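See below for the structure under consideration.
The values are calculated or read from the model by the stated rules, or taken from the named source; none is laboratory data. All figures in this text were calculated on a predicted structure; none of them were measured in a lab. Note that each Cβ is placed from the backbone with ideal geometry, even for glycine, and that neighbours are counted across all protein chains shown. For accessibility, only protein heavy atoms count, side chains too; no ligands or nucleic acids. Shrake-Rupley method; radii C 1.70, N 1.55, O 1.52, S 1.80 Å.
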Amino acid sequence: QVQLVESGGGSVQAGGSLRLSCAASGSIFSLHTMGWYRQAPGKQRELVADATTGGSTKYADSVKGRFTISRDNAKNTVSLQMNSLRPEDTAVYYCNVKGIRGSYWGQGTQVTVSS
């Protein structure tokens, strides 16, 4: 079993910044992809950004140029620096890791951006 501990959510005004962090522990075997998803009320969960062990990254079009994902393979941590936040970024953000034994989710952290 893999445990994910998230931190860093909160409330901010439009244009502000937040940083989310996620630490993975437990039965960690080759976590090849670590990333962040989000789910706004009434909407489906969507990929925000992810990063592979090899350093490849992927971003949702809506966050490109504003969000930056970073990963520490040695510490099994992944972070998401969110700048220039917009009200439409308001959502619950979930850490997700994918390994050879499956996909795991964090408990979610609320991000609220007010206009």
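If I filter region 1-17 down to residues being assigned to a strand (DSSP E or B) and of a type in the set (Ser, Thr, Tyr), which single residue comes out as surrounded by the fewest Cβ atoms within 10 Å (Cβ to Cβ)? Write out each step before concluding.
Here is the first cut: in region 1-17, the ones assigned to a strand (DSSP E or B) are 2-7, 10-13.
Restricting the remaining residues to those that are of a type in the set (Ser, Thr, Tyr) gives 7, 11.
Working: Ser7: 14, Ser11: 12.
Looking at the filtered set, the residue picked out is Ser11.
Cβ separations smaller than 9 Å between residues 6+ apart or across chains give the following pairs from region 80-91 residues that are under 13 Å from Thr109 (Cα atoms) to residues that are among the small types (Gly, Ala, Ser) and open to solvent by less than 10 Å² (accessible area, probe 1.4 Å): Leu80/Gly35; Leu80/Ala49. Confirm whether Thr53 is touching a His at 6+ places or on another chain (Cβ under 7 Å) and either open to solvent by 50 Å² or more (accessible area, probe 1.4 Å) or within 23 Å of Val111 (Cβ to Cβ) (or both). So Thr53 passes the test.
Restricting attention to region 56-67, and to residues there that are more than 18 Å from Leu18 (Cβ to Cβ) and under 14 Å from the mean Cα position of the chain (by Cα), which single residue is most open to solvent (accessible area, probe 1.4 Å)?
Initial filter on region 56-67 (more than 18 Å from Leu18 (Cβ to Cβ)): 56-58, 61.
Going one step further and asking which of them are under 14 Å from the mean Cα position of the chain (by Cα), we end up with 57-58.
Values: Thr57: 75, Lys58: 106 Å².
Here the answer is Lys58.
Can you tell me how many residues in region 68-115 are of a type in the set (S, T, N, Q) and surrounded by fewer than 13 Cβ atoms within 10 Å (Cβ to Cβ)? Talk me through it step by step, then tell me what you get.
Within region 68-115, the subset of a type in the set (S, T, N, Q) is 68, 70, 73, 76-77, 79, 81, 83-84, 90, 96, 103, 107, 109-110, 112, 114-115.
From what is left, the residues that are surrounded by fewer than 13 Cβ atoms within 10 Å (Cβ to Cβ) are 103, 107, 110, 114-115.
Here the count works out to 5.
If you go through region 68-84 and keep only what is closer than 20 Å to Ser11 by Cβ and over 11 Å from the mean Cα position of the chain (by Cα), you end up with Asn83, Ser84.
Conditions (1) at pLDDT below 95; (2) at positive phi, marked per residue:
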position	(1), (2)
Ala23	no, no
Ile28	yes, no
Thr53	yes, no
Gly65	no, yes
Asn73	yes, no
Gly99	yes, no
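Residues in region 18-32 that are surrounded by fewer than 20 Cβ atoms within 10 Å (Cβ to Cβ) and more than 15 Å from Val5 (Cα to Cα): Phe29, Ser30, His32.
Look through region 33-62, keep the residues that are touching a Leu at 6+ places or on another chain (Cβ under 9 Å) and either outside any strand (DSSP E or B) or charged (D, E, K, R) (or both), and return whichever of them is farthest from Gly8 (Cα to Cα). Within region 33-62, the match that is farthest from Gly8 (Cα to Cα) is Thr53. Count of region 17-52 residues, restricted to those that are within 15 Å of Lys98 (Cα to Cα), of a type in the set (S, T, N, Q) and in contact (Cβ under 8 Å) with a residue 24 or more places away in the chain, is 4.
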